[in-house]
1. Which value in Å is the Kirkwood Rh of segment A:1-156 over different Cα pairs?
2. Distance between Cα centroids, segment A:181-227 to segment B:158-204: provide it in whole Å.
3. In square nanometres and to one decimal, what's the mean projected area of the convex hull around the Cα atoms of segment B:87-187?
4. Quick one: plug the Kirkwood hydrodynamic radius of segment A:243-329 (C-alpha pairs) into Stokes-Einstein at 37 °C, 0.692 mPa s, and report D in µm²/s.
5. Do me a favour and compute the ellipsoid semi-axes for segment B:159-233 from its Cα gyration tensor, root of five times each eigenvalue, largest one first, whole Å.
6. So for chain A, what are the equivalent ellipsoid semi-axes in whole Å, largest first, each being the square root of 5 times an eigenvalue of the Cα gyration tensor?
7. Can you give me the three principal axis dimensions of segment A:147-278 from its C-alpha atoms, in Å, biggest first?
8. What base-10 log of the normalised intensity I(q)/I(0) is obtained for segment B:130-256 from the Debye formula, alpha carbons as equal point scatterers, at q = 0.11, 0.20 Å⁻¹?
Amino acid sequence: MSRDNGQPMPGTVVAVAEHRDGRLAPLSKELAVCARKLADKWNLEVVVVVLGERAEVIAQEASRATGERVTAVQVPGLDEFHGEAYVKILAGLLPAWGAAVVVGGHTTSGMDWAPALAIDLGAACLTGVEALEDDAEGLCYRRAGLYGKVVEVMRPVSGPLIITVAPGAFKASSADAARPGLVEILEIAAPECRSRVLAVEKEVDQDSALTQAQVVVAAGRGIGKPENLELIRRLAGLFSRSAVAGSRPVCDMGWLDYRSQVGLTGATVSPRLYIACGISGARQHTVGMQGSDFIVAISNDPAAAIFNLADVCIVEDLTEFIPVLLSQS
Amino acid sequence: MRILTCIKQISEPESLFDLEEGKVSWRSPVRQRLSSLDEFALETGLRIKDADPAAALWAVTLGPPSADSVLRRALGMGADHAAHIITQDDPAPGPLAVASALAAWARQHEFDLILCGVMSEDAMQGAVGPMLARLLDIPWASAVSRLEVSDDGSSVTAEREMEGGRRQILELPMPALVTIQSSPQQPRYPALSSLLRAKKADIPSLAIEDLTVPPERAAILRTELPGRTRAGVFLQGNTQEKAAQLLALLRERALL
């Protein structure tokens, strides 16, 4: 595959669908939207691919949801995800499909297979893509860099391209497509893998009080010490139907239970009000709260990435600010 | 058992910078430290070593000459050996170059287990680990928050995190590569005496040019400040005034 100024030769743009418990993951629609944008740019075909033992059922769902052509790759013994199997299957299929661009999710699975597949395909790999941009030279890809404080505008220079797309970056309508796409079924033998999936555990129940709260007050590493959680709880106490949440480091340190974690590997919330306290705003956290109606961020770092997606930004030491706020309320 | 941890030096996240002609320019001096997820990777390696004193733990970094400080930190925490692959600072090598250099170097040392942070704290690409595994043709698992070595030392069981708090358990025969997610196993602090000893350690180094590294397949054209997705109104005034403005805003929107 050759490319001039970031423009691939004719072929396909392949979106690798995600699924769990036999259902299509909602992110897959966003991947199809991104793939469609790329394909239209260069007049390529979109193929949504579903890998798994029961791929056909999920592929039907994907064709209704996206209206795109879907290929179900039925693989015995492959449940919802196995990185090594994904890489081996995709590396076997994609060259024959003329895949110019492969689109995956910037998720725990996309981040597992995409960079590895880039080695097999001799591809460029851009992870965490948030937007596409046209410039005089062709198409560029925008991703967050430097703790989320900057945007890196990138362009592939050789090989096919593999991207992982940040959840929420490409909006998909919740309705089904006007017309379902064509579904093809491919049955292949399970690839030989050295690693083995033993189980998938649903260990952590999500806190329903958190996902249903109208107001979420979230603590990040910037709260400094666990004693300051009391301030966060008192702030949450100002609101009815409120919940306290935390970023990953706060849960890792045991200051809050993992049930309270918001972000990529925790809960996704969209309350009427989200107050981020001492949270830097790394993507791993913001994917879990960017859909909130109104976002207030309090941080003592004026360049914190969280301010880029907040409605109201407050540069203050929260141990001083919250007590003042409570006293005035 | 030979364990390798791949670690990276980063600038403190609060460091001040400007964008000059589409490039990051630090307002010197910038404090450097070990990327925190790499610290978790080191801790994972150290815990394996605690349980198996025969295990040897290596730390390797790619970076400018000053990046030796993270190797000294690793030695201070308890790593047995360190190696430094010296690269330019600007432009910093991309993930393919980093993974290729690490692969070329690691091939000479025959490691049983390679540990990386799931991503660097600054660039957040998360690409080096899976790329390195593929280049070495060994099985991998990413975003692992629990790792156990089998009794006979032939395999590891890795618990990797997935969306929505779910966990996938994998068994990987060694040699294998695992990228480590943060977990309650907080990285240990080095003892002062170990740090002082590490400070004087002689760390072998080589230049990235001495290793086979393919050309980059992607380029950063420029770096910009992110657009704001929302109003992003910065409240002005002293602490009392800001608090009053926030309360007024919340009441206005019937949130309070």
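1. Numbers: mean 1/r = 0.0631 Å⁻¹.
Kirkwood radius, segment A:1-156: 15.9 Å.
2. Computed from Cα coordinates, the inter-centre distance equals 21 Å.
3. Details: hull surface 29.8 nm².
One quarter of the hull surface, i.e. the mean projection, equals 7.4 nm².
4. Using the Kirkwood radius from Cα pairs, D works out to 250 µm²/s.
5. Values: eigenvalues 205, 148, 104 Å².
They are 32, 27, 23 Å, listed from largest to smallest.
6. 39, 22, 17
7. Ordered largest first, segment A:147-278 gives principal extents of 56, 40, 35 Å.
8. -0.87, -1.17
The values are calculated or read from the model by the stated rules, or taken from the named source; none is laboratory data. This structure is a prediction, so every number in the text was calculated from the model and none was measured. Don't worry about glycine lacking a Cβ; one is built from the backbone with ideal geometry, like all the others, and counts go over all protein chains shown. These area figures cover heavy atoms from the full protein model, side chains too; ligands, DNA and RNA do not enter into them. Shrake-Rupley method; radii C 1.70, N 1.55, O 1.52, S 1.80 Å.
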